[in-house]
């Protein structure tokens, strides 16, 4: 079983990033240098906002955290709070050296991501499996220095770029409005509640990990099942 995944120089990675579009219509600025999540296919991040592509500046060898041996090595050198997250949220069992189901909760996951970056790992790769077969990879990069923006990319089922962008901006604003309403009633800031998942773009002033909520893998599987259902009708 493979222990690493190599991202080659020149590979384009993708992320949904509507706030980036709103803030960079005229000039494309570098990504903020913090742990950042990507996918290898535009369709994998279509649900998170306007899709941007980013070119990898050099070869990067990422540990595959689906591999029990890799997780065991990380676990053995980790602090107790990191080990707890690896057991409870990443399904790693140090006694049996196996990996079970992942329970992705942002507040817990970030403890693991931060630890990896602090210990000098370049990030990680994780298989996105469906029925035991690799569908794609989830990619986390610790240092995004030198990543070049390749512009906006469209999902495979989209033909009208202007309509696509307009719809994504509307969805983003509706989502922000839904977040804002409960906090107005309580007299709290929109930024009081922590984000929930990984691929989505940040609201200004919030973490890069923010998402509409739910597990990335579960949401992808649900989307693919819906597509299959529609194709049968």
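Computed quantities for the displayed model
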{"quantity": "Whole-number percent relative contact order across region 1-90, with pairs defined as alpha carbons under 8 Å at least 6 apart", "calculated": "44"}
{"quantity": "log10 of Debye I(q)/I(0), alpha-carbon scatterers only, for region 14-135 at 0.14 Å⁻¹", "calculated": "-0.72"}
{"quantity": "Ranking of 121, 113 by count of other Cβ atoms within 10 Å, fewest first", "calculated": "121, 113"}
{"quantity": "Ascending count of other beta-carbon atoms within 10 Å, so fewest first, for 96, 36, 114", "calculated": "96, 114, 36"}
{"quantity": "Dimensionless Rg over Rh [region 1-70; C-alpha; Kirkwood]", "calculated": "1.03"}
{"quantity": "Per-residue Cβ neighbour rank within 10 angstrom, fewest leading, 101, 66", "calculated": "101, 66"}
{"quantity": "Residue-span extension gain [residue 58 to residue 148] - 0.36 nm each, minus C-alpha spacing", "calculated": "31.3 nm"}
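Where a number appears in this text, it was derived from the coordinates with a stated rule and is not lab data. All figures in this text were calculated on a predicted structure; none of them were measured in a lab. Glycine gets a Cβ as well: all are built from the backbone with ideal geometry, and neighbour counts include every protein chain shown.
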